[in-house]
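Let me begin by presenting the structure, written as structure tokens, before commenting on it.
Derivation of every value follows stated rules applied to the coordinates shown; laboratory data play no part. Please read all numbers here as calculations on a predicted model, not as lab measurements. Because the Cβ atoms are built from the backbone with ideal geometry, glycine has one as well, and the counts that use them run over all protein chains shown.
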Amino acid sequence: MNRLTNFLVLVSALAVAAAGCNRVDGTRDSPGAAGHSDVAEVEPAKGPHRGRMLTDDDFAIELAIFETGVPPEFRVWATRAGAPISPQDVSLKVILTRLGGITDEIGFAAQDDFLRGDTVIYEPHSFVVNIEATYQGHTHRWAYDNFEGRTRIAGDVAEASGISVEDAGPATIREAVTVYGRVVSDPENVSHVNARFDGVIRAVRASIGDVVEKGQTLAVIEANDSLNNYTINAPISGTVIDRRANSGETTEGRSLFTIVDTSSVWAELAVFPSDRSRVRVGAPVAVRTAIGDISINGEIALLNPVAGANQSVTARVRLDNTEGLLAAGMYLTGEIEVAQYHVPLAVKRSGLQAFRDFTVVYALIGDEYEVRMLNLGRRDATWVEVLGGLEAGTTYVTTNSYLVKADIEKSGASHDH
């Protein structure tokens, strides 16, 4: 199923979850049959500090996530009938419930004219918020959904859309340097065939392009000294790429046929001085053709001790060509492995997406997907090391993650501070 088909399947699915509605009246909308709310989303009221306003009769608080010059934290300003209340007179507790049932309980202490939370509000800022504020013996409670980067996709829809997942865990990062070169014939598999005794060519039984077997007759020669006929046989199996023999001609000591066994070939790759110290004989190499996207693995068999005119050193890699996909002269790109790192936590690069200013993967819990902002380290063509932002064992999307991203963007979940 191609990318466009996957996208259309997802867009037309019956079960896709929307982001939370961010209501401010302590209630939550009930999801409709497809997982989306049947009630139009209400934009929460904002206070002078750009935080969310929560009111109960004449008592109100403004709850904001503050992150200017500090890690994200809650700050709260309280008012009664519109007049500021001293933060020392308010007792406040906030409980955040994240996807998967993880809870963060946040206490507050007075500072200047506001209450300051004692816990870093780590990304994503996606949770159910429960607030309890006590002032002059009266307790006020609010609850609302503050979801971002989250959506619900039914399992059958995800399967039909080609969305696949894996558990994050350890991996081996293989560092490589990129080099360029071309395919050449293996010199050990090239045979130039001459007549053993000079004479007249009486018959030719092979032509350019013919595939011959070892011992097969290529030509019949009448020897000059004995006038007896003898045969020239193929010394190796392979393809005739050159013929300089026609009936009635004399051999004159020249090469009559060139046969190449193409079951293996060489890749000649140019290693430049900046990389030479890291490249070793025996290093694994993945090569691919510039056209046709043919990929074959091998290892460095030889590093030429003499540098070329451009100061590069030629690395030779023997490649299995039993399928005949490679031909001499083809241009190649090679990835030479120069180091391996075993890391405790990594994700596949195929699962990475951009979200706001972050690189993320989409974690799957139940049938809900949610962003996980990543701190990344070393990487190779398949894996990228995770230094923070994801727990080991988390199930995350590895294939068609762009479909999850598209559905989240369609739902319009915002980053509410």
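Determine by what factor the alpha-carbon radius of gyration of region 191-260 differs from 2.2 N^0.38 Å, reporting the quotient.
Scaled against compact globular proteins, the figure is 1.00.
Could you compute the net charge surrounding THR395? Neighbours are other residues with a C-beta less than 13 Å from the C-beta of THR395; K and R count +1, D and E count -1.
-4
Just name one of THR217, VAL260, GLY199: the one whose Cα is farthest towards the positive end of the charge dipole of region 191-260 (beta-carbon charges, Lys/Arg +1, Asp/Glu -1).
The residue sitting most towards the positive pole is VAL260.
What are the lysines whose alpha-carbon lies under 24 Å from the alpha-carbon of LYS410, with same-chain residues fewer than 8 places away excluded?
Answer for LYS410, where 24 Å is the Cα cut-off: LYS46, listed by chain and number.
Please find, in a Gaussian network model of the chain (springs between Cα atoms separated by less than 10 Å), the residue of THR262, THR178, THR139 whose mean-square fluctuation is greatest.
THR139
Taking the Cβ-Cβ separation of ARG244 and ARG280 as r and a Förster radius of 35 Å, what is the calculated FRET efficiency to the nearest 0.05?
Efficiency for this residue pair is about 0.25.
What net charge is computed for the residues neighbouring ASN375, neighbours being all others with C-beta under 15 Å from the C-beta of ASN375, Lys and Arg scored +1, Asp and Glu -1?
Around ASN375, the surrounding residues sum to 0.
Please get the size of the charge dipole for the chain, origin at its Cα centre, with Cβ charges of +1 on Lys and Arg and -1 on Asp and Glu, quoted in debye to the nearest 20.
The calculation lands at about 1240 debye.
Using a Gaussian network model of the chain whose springs link C-alpha atoms within less than 10 Å, name the residue from ALA83, ALA267, ALA406 with the highest mean-square fluctuation.
Result for the chain, Cα springs under 10 Å: ALA83 fluctuates most.
Looking at region 241-278, which GluC sites (Glu not before Pro) are in a loop (DSSP not H, G, I, E or B) and have at most 10 other Cβ atoms within 10 Å?
GLU252
Which net charge results for the neighbourhood of GLY199, defined as the other residues with beta-carbon distances under 12 angstrom from its beta-carbon, given Lys and Arg at +1 and Asp and Glu at -1?
Here the count lands on -3.
Using only Cα positions of region 230-278, each an equal point scatterer, no hydration layer, compute I(q)/I(0) via Debye at q = 0.13, 0.16, 0.26 Å⁻¹ and quote the log10 values to two decimals.
-0.53, -0.64, -1.07
What FRET efficiency comes out for GLU159 versus HIS342 if R0 is 41 angstrom and r is the Cβ-Cβ distance? Round to the nearest 0.05.
0.80
Given labels modelled 7 Å from the Cα in the Cβ direction, how far is it in nm from THR231 to HIS49?
Here the answer is 9.9 nm between the modelled labels.
Pick from ASN130, ASN246, ASN321: which is most flexible by mean-square fluctuation in a GNM of the chain where alpha carbon atoms under 10 Å apart are linked?
Residue with maximal mean-square fluctuation among ASN130, ASN246, ASN321: ASN246.
Counting alpha carbon pairs within less than 8 Å and at least 6 residues apart, what relative contact order, in whole percent, applies to region 191-260?
43 percent
Among (i) 68; (ii) 52; (iii) 56, only one was calculated for this model; which label is it, if the read-out is percent of Cα pairs over 27 Å apart?
Evaluating percent of Cα pairs over 27 Å apart on these atoms matches (i).
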